[in-house]
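See below for the structure under consideration.
The values are calculated or read from the model by the stated rules, or taken from the named source; none is laboratory data. Keep in mind it's a predicted model, so treat the numbers as computed, not measured. Here the Cβ positions follow ideal geometry from the backbone for every residue, glycine too, while neighbour counts run over all protein chains shown. Each accessible area value is taken on the protein alone, full model and side chains, heavy atoms only, with ligands, DNA and RNA left out. Shrake-Rupley method; radii C 1.70, N 1.55, O 1.52, S 1.80 Å.
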Amino acid sequence: MKVIAHRGASGYAPENTLKAFKLAVEMGAKDFEFDVHRTKDGILVVHHDYDLKRTAGKDVKIADLDYAELKKYNVAAHFKRDKLVQHVPLLEEVLDIIEPAADRLHFEVKNDGNVYPGIEERLLAFIESRPGLFGKAVVSSFDHGTLKRFRALSPRLKLAYLGHGLSTMLLLPAIKKARAVGASGFHMALRLAFKLNVSRLRKAGFEVRIYTVNLKKDALRMKRIGVDGIFSNCPDILGNWTLKG
Ligand code: G3P
Ligand code: MG
């Protein structure tokens, strides 16, 4: 079972910052997840929320700011143990750090209601512009329209369905939607990660990955029930990785 560094090593450093990604690499992570947005002037950046209220304590939206403005804010302000200034990183800065170490890169595109029109073309062009990246990339989104647009643009890009508001009852319709876009992965919340659901998804041919798993007992349970990967803020959750250096 893969342990995927969720927003970098975000249990130990401010999420989705260069510090968190560097630390994840130092901890030996091989698989990474991060959230992609687009600034007003069309730059791809990495941050979880659509605005900076939670991370920087500022009521501003990424979609409304040029990157030169956005990078002035300290998105480590919320992280109690280390508030040293960290900026919203460019997607390419993040990739420069993690790509050499990576087996698999999970690009989660935040595009609810198509708030960033054209982000699909831009991200696909970015992925195709870096040698070797296409084969390592998996694109997911809570926004199904976004996945459909990616599939229309590229028949070969690996996509993962990202379950939103799912329940066991809704698993079958979700499987149909995931198949309709040719998803190879199915990403689902921990609260639904029971043996029966996981088995159904694996029988349907999906790689099943579960978010967000931060307790070792849950990680071990995921391994037992045959999950392919867990998104974790703690890349060392299974205790078999050590800090290098
Ligand atoms: O991509 C898996 C997981 O990150 C989805 O939820 O809200 O942490 O982006 P969220
Ligand atoms: Mg995410």
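I want to confirm something. Restricting to the stretch 25-39 and keeping residues that are within 15 Å of Asn233 (Cβ to Cβ) and within 14 Å of ligand 1 (Cβ to nearest atom), which single residue is surrounded by the fewest Cβ atoms within 10 Å (Cβ to Cβ)?
This residue is Asp35.
Evaluate the stretch 216-225: report whether one residue or more is at pLDDT 95 or above and under 17 Å from the mean Cα position of the chain (by Cα).
Within the stretch 216-225, not a single residue is at pLDDT 95 or above and under 17 Å from the mean Cα position of the chain (by Cα).
Testing Ile225 on (1) within 30 Å of Val45 (Cα to Cα); (2) touching a residue at least 24 places away in the same chain (Cβ under 8 Å); (3) among the β-branched types (Val, Ile, Thr), one condition comes back false. Which one is that?
That leaves (1) as the condition not met.
Name the one entry in Lys80, Lys40 that is modelled with pLDDT under 95 and either under 17 Å from the mean Cα position of the chain (by Cα) or more than 23 Å from Ser140 (Cβ to Cβ) (or both).
Lys80
Can you find, within the stretch 208-238, the residue that is surrounded by the fewest Cβ atoms within 10 Å (Cβ to Cβ) among those that are of a type in the set (D, E, K, R), closer than 17 Å to Lys30 by Cβ and away from ligand 2 (no atom under 15 Å from the Cβ)?
Here the answer is Lys223.
For residues in the stretch 5-45 being in a strand (DSSP E or B) and near ligand 2 (Cβ under 10 Å from one of its atoms), which is nearest to Met222 (Cα to Cα)?
His6
Since Gly11 meets every condition but one in (1) more than 16 Å from ligand 1 (Cβ to nearest atom); (2) of a type outside the set (Phe, Trp, Tyr); (3) more than 14 Å from the chain's Cα centre (by Cα), which condition does it not meet?
Gly11 satisfies all of (1) more than 16 Å from ligand 1 (Cβ to nearest atom); (2) of a type outside the set (Phe, Trp, Tyr); (3) more than 14 Å from the chain's Cα centre (by Cα) except (1).
Going through the stretch 51-70 one residue at a time, which ones are assigned to a loop (DSSP other than H, G, I, E, B) and closer than 13 Å to Leu90 by Cα?
Passing the criteria: only Asp66.
So, in the stretch 47-66, how many residues would count as being open to solvent by less than 40 Å² (accessible area, probe 1.4 Å) and either hydrophobic (A, V, I, L, M, F, W, C) or farther than 27 Å from Asp31 by Cβ (or both)?
Selection size over the stretch 47-66: 7.
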